[in-house]
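Here is the structure we will look at.
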Amino acid sequence: VSTFVLLSVTGIGLGALYFLVASGLSLIYGLMGVLNFAHGAFITVGAFGMWFTESKLGGVPVWPRFVLGALAGLAVGGVFAGLVELVLIRPLYRRHIEQVLVTVGLGLATTALVVAIWGNDARPVPSPGWFGKTTTLAGAHVPNDRFLLIATAVVVLGALTAFLKRTRYGLIIRAGVENRAMVTALGVDVRRAFTLVFAIGGVAAALAGVLGNVYFTTVDPARGTSLLIFAFIVVVIGGLGSLRGTAAAAIVVGLVQQYANYYASSGLGDLSVVLLLGVVLLVRPRGLSGSFA
Amino acid sequence: MTKRTLAVPAAVLVVLALVPQFAVDLPYVFKDTLNTPGTLQLLALCLVFGGVAMTYDLLFGYTGLLSFGHALYFAVGVYLVAIAVTKWHWGFAVALLFTALVAILLPLALGAVSLRVGGIAFAMVTLAFAQAGSILAFKNPWGWTGGEEGFGTDYTKLPDAFVGILNTKNLYWLALGYAACVFVIVRWAVGSSPGHVWQAIRENELRVEVLGLRPYSYKLLVFVLASFLATAGGVVYLLLQTGPTTDVTTANFTLTLLVMVVIGGTGTKWGAFLGGVIYTWANQRLGDASSSHAVSSLPSVLRTPLQQPLFVLGVLFILVVFFVPGGLTRLGQKRRPRTLQRLQEAMQR
């Protein structure tokens, strides 16, 4: 039983990571119809922003250093994403294929630039010792960083839901996902919402980058791409543009991956996720939530 | 095809076929003399990727299918032949036959599943299938794929004419033959009646359906054809290398195919081929240049990004998308008047 609990918590923790990436992807696609291949770059930028800041704060105690590094990572990720939208995506409105192509190029170039500056190898990231310790839960020794992942994802889900339901911009975004032409016709400038959604997605992705540093204890230029692929799978399973569907799909994918890796054989987890995607698309081509844009 | 449309490609083919006979120095373009094995190897790689880019263009440029899993079918050609001769100790001819069979059945099965959905979902499903293949190659099941590093092909099983540095010439001709075959097949296919349906699907799938045709079967046809030709390219690529590596299985590999096609120009006669050649050449030469004296004397702000060819190519790609929307082959063509374009955009709003 204790193994099962450990696997479940780890699976949900991994799902939390996927959710952070996928929520931004899902919102961006839902509102703008852009499949954002640069999202992996946002993860990488956030992760390296955190690592770089921490490496500059050598003498600072470990907790403030971690918090400052994380905040810097988030800020860099959000600003980068916002700028990408303003400079590269905005001039290409209404040309979806070109927008996707630009994000593809940006994703490739950003990763290559990071590799050029800091090299291909993963580097260790210092983080507070508390994350490495375990908490006993129903007989299982669960590393504390899993709880951090889950708690953060829950907070982000709550904050995003509140933002979408309670604020004026949230209303514009929700309306825009449903029918952008109508919102524009009513005289609302949805374009400002586009930049906002990109920045929010960038912060969430950077958060995934920061937490990825904690979970894997290293910073790795290749992680952005590999997380992005699973996030794509999560988004499609959950139904593009639906936040709740994305959250549910993220947990399912994380759990399936962990269980299959442990109970069947290592490496089978990734394959079964792919299989899951195939099955879901065949049974429900619009994803779990049924709101395929 | 009429005689006239074949004249230019035939002339190009003859010129390219004669390349190994000339000992010409082309400074900056190539590091060594034209007929040295090093240069011929690079040219052969350019030709292979030119051909593979054309197969991707069949899907993306001519039918409008945005696949993110084309790497899978290329990798099948690279890996399957190598595994069959090295790990299963089959003969080369049997390995080829087996690979050809898989190259038809696999895309038939996977295409049948992924084409049930369209647009972005199709892109994602193809990505997922290719990812599954990539994971397999990395995980090294039964010791077949050699994991991340790959493995060396058992060259004693390969035809003698394609083994060894002295035979680079033959490999070059093989690559040229592959590119020429793909070119002819693609021209013939897009000019055939299914080819017209593919282009109609790209323009307006609903309308094709209303006309009483089933887009699904036509899409499956082009999917299998493009995948089969990509697998053939993978086999030629394998012969050019010492063995398969995981690079060719990754999603990034498919993205580079997309970059090649868009840089050259989608859905055009020469665009994809030129894009593949230019990309492969630039990738190699930028790598060489980064270690050259001219670059290493630059300040580090400039030098660091230039060390990564993918960075330069990624930026170039973005610039092409922004400023040369039709790709390089449409550079010389007359652009539509801007006012007309504006009017059309305004009407779509």
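The values are calculated or read from the model by the stated rules, or taken from the named source; none is laboratory data. No experiment lies behind these values; they were computed from the predicted model shown. Neighbour counts run over all protein chains shown; Cβ positions are idealised from the backbone, glycine included.
I'd like the residue in the range A:179-238 that is in a helix (DSSP H, G or I), hydroxyl-bearing (Ser, Thr, Tyr) and closer than 22 Å to A:Thr44 by Cβ and, out of all such residues, is nearest to the other protein chains (Cβ to nearest Cβ).
Our first condition is that a residue be in a helix (DSSP H, G or I); within the range A:179-238, this holds for A:180-185, A:190-216, A:223-238.
The next check asks that each one be hydroxyl-bearing (Ser, Thr, Tyr); those that pass are A:184, A:195, A:215, A:225-226.
From what is left, the residues that are closer than 22 Å to A:Thr44 by Cβ are A:195, A:215, A:225-226.
Details: A:Thr195: 19, A:Tyr215: 20, A:Thr225: 7, A:Ser226: 9 Å.
Once the filter is applied, the top-ranked residue is A:Thr225.
Just to be sure before I move on: is A:Thr246 within 20 Å of A:Tyr29 (Cβ to Cβ), in contact (Cβ under 8 Å) with a residue 40 or more places away in the chain, touching a Phe, Trp or Tyr at 6+ places or on another chain (Cβ under 9 Å) and assigned to a helix (DSSP H, G or I) in the structure I sent?
Values: within 20 Å of A:Tyr29 (Cβ to Cβ): yes; in contact (Cβ under 8 Å) with a residue 40 or more places away in the chain: yes; touching a Phe, Trp or Tyr at 6+ places or on another chain (Cβ under 9 Å): yes; assigned to a helix (DSSP H, G or I): yes.
Here the answer is yes, as A:Thr246 does meet what is asked.
If you check A:Ala185 against the conditions, is it exposed (fewer than 14 other Cβ atoms within 10 Å of the Cβ) and touching a helix residue (DSSP H, G or I) at 6+ places or on another chain (Cβ under 8 Å)? Spell out how you get there, then give the answer.
Working: exposed (fewer than 14 other Cβ atoms within 10 Å of the Cβ): yes; touching a helix residue (DSSP H, G or I) at 6+ places or on another chain (Cβ under 8 Å): no.
Criteria not met by A:Ala185.
Quick one: would you say B:Leu127 is buried (at least 16 other Cβ atoms within 10 Å of the Cβ), within 18 Å of B:Val248 (Cα to Cα) and within 14 Å of chain A (Cβ to nearest Cβ)?
Numbers: buried (at least 16 other Cβ atoms within 10 Å of the Cβ): yes; within 18 Å of B:Val248 (Cα to Cα): yes; within 14 Å of chain A (Cβ to nearest Cβ): yes.
Considered against the rule, which asks whether it is buried (at least 16 other Cβ atoms within 10 Å of the Cβ), within 18 Å of B:Val248 (Cα to Cα) and within 14 Å of chain A (Cβ to nearest Cβ), B:Leu127 comes out as yes.
Find the helices (runs of 4 or more DSSP H) located wholly in the range B:218-331 whose residues include 3 or more that are touching a residue at least 60 places away in the same chain (Cβ under 8 Å), within 13 Å of chain A (Cβ to nearest Cβ) and over 23 Å from B:Arg187 (Cβ atoms), and list them. Full working, then the answer.
Details: elements: B:251-264, B:271-290, B:293-296, B:300-306, B:309-323.
In the range B:218-331, B:251-264 are the helices (runs of 4 or more DSSP H) which contain 3 or more residues that are touching a residue at least 60 places away in the same chain (Cβ under 8 Å), within 13 Å of chain A (Cβ to nearest Cβ) and over 23 Å from B:Arg187 (Cβ atoms).
Those residues that are more than 14 Å from chain A (Cβ to nearest Cβ) and modelled with pLDDT under 90, I need them from the range B:48-76; list them, please.
Across the range B:48-76, the qualifying residue is only B:Tyr62.
If you take the residues of the range B:155-193 that are of a type in the set (S, T, N, Q) and within 23 Å of the chain's Cα centre (by Cα), which of them is nearest to B:Ala93 (Cα to Cα)?
The selected residue is B:Asn170.
Residue-by-condition table, conditions (1) buried (at least 22 other Cβ atoms within 10 Å of the Cβ); (2) over 18 Å from A:Ser266 (Cα atoms); (3) facing another protein chain (nearest Cβ under 7 Å):
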| position | (1), (2), (3) |
| --- | --- |
| B:Leu115 | no, yes, no |
| B:Gly118 | no, yes, no |
| B:Ala137 | yes, no, no |
| B:Trp142 | no, no, no |
| B:Glu149 | no, yes, no |
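Kindly state which helices (runs of 4 or more DSSP H) lie completely within the range A:1-118 and contain at least 2 residues that are free of Cβ contacts under 8 Å to residues at least 40 places away in the same chain. Walk me through it before giving the result.
On the way: elements: A:2-32, A:39-56, A:62-84, A:96-118.
Because the criterion is at least 2 residues that are free of Cβ contacts under 8 Å to residues at least 40 places away in the same chain, the helices (runs of 4 or more DSSP H) in the range A:1-118 that meet it are A:39-56, A:62-84, A:96-118.
How many residues are facing chain B (nearest Cβ under 9 Å) and either touching a Phe, Trp or Tyr at 6+ places or on another chain (Cβ under 6 Å) or more than 19 Å from A:Thr53 (Cβ to Cβ) (or both) when one looks only at the range A:115-130? So that I can check it myself, show each step before the final result.
Just the residues of the range A:115-130 that are facing chain B (nearest Cβ under 9 Å), to begin with: A:115-117.
If we keep only those that are either touching a Phe, Trp or Tyr at 6+ places or on another chain (Cβ under 6 Å) or more than 19 Å from A:Thr53 (Cβ to Cβ) (or both) too, we end up with A:115-116.
Matching residues across the range A:115-130 total 2.
From (1) part of a helix (DSSP H, G or I); (2) crowded, with 24+ Cβ neighbours inside 10 Å, pick out the condition that doesn't hold for B:Ser67.
(1)
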